[in-house]
Amino acid sequence: FGEVSPQAGDDERVVESALRPHSLGEFIGQPKVAAQLGLVLEGAKRRGRPPDHVLLSGPPGLGKTSLALIIGSELGTAVKITSGPAIERSGDLAAMLSNLAPGDVLFIDEIHRIARPAEELLYMAMEDFRVDVVVGKGPGATAIPLDINPFTLVGATTRAGLLTGPLRDRFGFVGQMEFYSPADLQRVLDRSASLLGVQLTGDGAAEIAGRSRGTPRIANRLLRRVRDFAEVHADGRVTRGVAEAALRLYDVDHLGLDRLDRAVLEALVVRFGGGPVGVSTLAVAVGEEPHTVEEVCEPFLVRAGLLARTPRGRVATEAAWTHLGHTPPQGAGV
Ligand code: ADP
């Protein structure tokens, strides 16, 4: 992944856990999801029952894992964490489900990538708090239903539409996470700076926020890079000047586009004359999986007004041509 990929590396997860908000009150931005989720949790607490299953959708780095952990801490229950691709056999999932204590939260990241047999096991677990344990093999195998403790499933996915209908229908609450405004990112940065003991000026924070791709994970990552620069080349304070110089060194442009974002735009503009071109063709041109281009890269390019999805394919906007330093042809884009 590129230097500013929105996905987290393993080392980064350790740093990230130190910067995670621990309650809804501490969670910055996402006013709609936070308010709706707050009500779901409050209602459940009053009834003394676990809340409905929760699906959180949105691009990586926007706070889905953080919210899953917050749900556990708001309810005072444990959170068990796994991911769709990590569940190889449905037996593993059955074991995990039957080990949950009453009211526990089970967090499944990338739930759209769960294997079919495990997904089917989840249906009954979510609805009736039961799992079928298969005993024996071949024609003599029998399924023995086993009661499990009531729990709350929190699923995370890049897009709710990637889930099968039956799975999606079993979530009582679906929260759609949005990219963060620069103002909210600035609050994320101020909070992180004080946790990390970094002196960050207001205009320094604004400079980093504007280049963070609407994503708290990237804001925190850029803050750490800029802090290094400030300590080595300045007096340790992160000012606008220091942030600009550091981000220039790390090749983060003023819109915060990462390597893949730029490669996609460059291919679209240079190789395909601005489009329209299909997403799989575009993905081949940049050597990426179509789903990465579609789920990780495109949402931000669309939101930044650089790329448009049309029925005939992807199209570069005039702003994309200009941003890459090319002259848009007459009547280019949309
Ligand atoms: P996702 O699961 O959507 O990929 P995470 O929950 O892992 O995202 O968030 C990535 C990092 O961004 C976290 O470690 C946390 O430090 C930071 N973060 C995300 N959302 C917020 C928020 N609303 N307020 C403060 N920090 C946040």
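Quick notes
- Proximal aspartates and glutamates to Lys137, defined as alpha-carbon separation beneath 20 angstrom and excluding residues fewer than eight positions away on the same chain: Glu88, Asp92, Glu120
- For the stretch 137-218, Kirkwood radius (reciprocal of mean inverse C-alpha pair distance, Å): 17.1 Å
- Checking every one of the trypsin sites (Lys or Arg not before Pro) in the stretch 151-188 against DSSP loop status and a limit of 16 other Cβ atoms within 10 Å picks out Arg159.
- Sorted ascending by nearby beta carbons within 10 Å, beginning with the fewest, Arg248, Arg113 become Arg248, Arg113.
- Gaussian network model of the chain, springs between alpha carbon atoms under 10 Å - residue of Gly58, Gly204, Gly241 with greatest fluctuation: Gly241
- The slack between Leu39 and Val134, meaning 0.36 nm per residue of separation minus the straight C-alpha distance, is 30.4 nm.
- Scaling the Cα radius of gyration of the stretch 1-134 by the globular reference 2.2 N^0.38 Å produces a ratio of 1.11.
- Once Rg and the Kirkwood radius are both taken over the C-alpha atoms of the chain, their ratio Rg/Rh works out to 1.02.
- Alpha-carbon Debye profile of the stretch 98-138, log10 I(q)/I(0) at 0.15 Å⁻¹: -0.45
- Annotation for His22 and Tyr123: the two label points, set 7 Å from Cα along the Cα-Cβ direction, are 4.1 nm apart.
- Only Lys, Arg, Asp and Glu carry charge here, each on its Cβ (+1 for the first two, -1 for the last two); on that basis the stretch 202-334 has a dipole of about 140 debye about its Cα centre.
- Residues of the stretch 91-134 falling in the label zone of Asn149, defined by backbone nitrogen less than 15 Å from a point 7 Å along Cα to beta-carbon, are 95-107, 129-130.
- Among Ala160, Ala243, Ala143: highest mean-square fluctuation, GNM of the chain, C-alpha pairs under 10 Å: Ala143
- Rounded to the nearest 20 debye, dipole of the chain from Cβ charges on Lys, Arg, Asp, Glu: 420 debye
- Footprinting exposure proxy for Lys45, Lys137 (fewest neighbouring C-beta atoms within 10 Å first): Lys137, Lys45
- Cα centroid separation - the stretch 300-321 against the stretch 162-212, whole Å: 23 Å
- Calculated Rg and Dmax of the stretch 23-101 using C-alpha coordinates, Å: 14.0, 38
- Of all the options Leu185, Leu62, Leu301, the one that moves most in a Gaussian network model of the chain with Cα springs shorter than 10 angstrom is Leu301.
- Thr310-Glu231 pseudo-label distance in nm [points 7 Å out on the Cα-to-Cβ vector]: 5.0 nm
- Lys32 paired with Val14, simple spin-label distance in nm, labels 7 Å along Cα-to-beta-carbon: 3.8 nm
- All-pairs alpha carbon distance profile, the stretch 253-334, 5 Å steps from 0, percent: 3, 17, 32, 28, 15, 4, 0
- Under 5 Å from the amide H of Gly155 lie the amide H atoms of Val54, Leu55, Leu56, Ile108, each residue being 5 or more positions distant or on a separate chain, with H modelled from the backbone and absent for Pro and chain starts.
- Ranked Lys32, Lys64, criterion: other C-beta atoms within 10 Å, fewest first: Lys32, Lys64
Only the coordinates and a few stated rules stand behind these numbers; no lab work does. Worth saying up front: this structure is predicted, and the values here are computed from it rather than measured. All Cβ positions, glycine included, derive from the backbone under ideal geometry; neighbour counts span all protein chains shown.
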